[in-house]
C-alpha cells in the first residue's frame, strides 16, 4: 500500500472574519448583527529566524476559497484586511462573515483586530489572539 504524502503544514489557525454592514431599511439588513459596520484585520507574525511559506483560505456558508500561498520572512508580518477579500475570489454580495484559515509549517503569532462603528466613528475595538491547532502529531 502506498504511503500518503504528509502535509508540510503542521499548524492551523482559524480567525473569525467579518466584513459587512447592517443598514436597516436597505438590502443590507441582517438579523445576525446589530446596525453598524464591522471590519476585521488579521495580523500574522513569523517569530522565527528563517523564511517559510504559509497558505490561507476563506471559509463561509456561501463557499470556501482555494488556498493562497504567501511567503513570510524572518520576523516578518502579514496583514489581511477586508480590502483583500477579493484575492480569495469568493462571490460577495453584502459583505463577508466566516473564517480566515491559515496553515503553516511553523508556529506563528496570529491576532485578530475587530472594529465596529457607525457613520461617525469607531464604537468598539477588540484584539484577540487566535488559537493554534497542531495538525502533526
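The values are calculated or read from the model by the stated rules, or taken from the named source; none is laboratory data. Values in this document were obtained by computation on a predicted structure and should not be read as measured data. Note that each Cβ is placed from the backbone with ideal geometry, even for glycine, and that neighbours are counted across all protein chains shown.
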Filter pass, residue 57 being closer than 26 Å to residue 7 by Cα, under 16 Å from the mean Cα position of the chain (by Cα) and at pLDDT below 90: no
Output for the stretch 80-90, where each listed residue is touching a strand residue (DSSP E or B) at 6+ places or on another chain (Cβ under 7 Å) and either touching a residue at least 24 places away in the same chain (Cβ under 8 Å) or closer than 11 Å to residue 38 by Cα (or both): 80, 81, 82, 85, 88, 90
Members of the stretch 78-128 that are over 12 Å from the mean Cα position of the chain (by Cα), under 30 Å from residue 49 (Cα atoms) and assigned to a strand (DSSP E or B): 104, 109, 126, 127, 128
Residue within the stretch 51-73 that is touching a helix residue (DSSP H, G or I) at 6+ places or on another chain (Cβ under 6 Å) and either closer than 19 Å to residue 37 by Cβ or in a strand (DSSP E or B) (or both) present: yes
Checklist (1) under 21 Å from residue 7 (Cα atoms); (2) modelled with pLDDT of 95 or more applied to residue 78, failing item: (1)
The stretch 93-120: number of residues that are without any contact (Cβ under 8 Å) to a residue 24 or more places away in the chain and farther than 14 Å from residue 38 by Cβ: 2
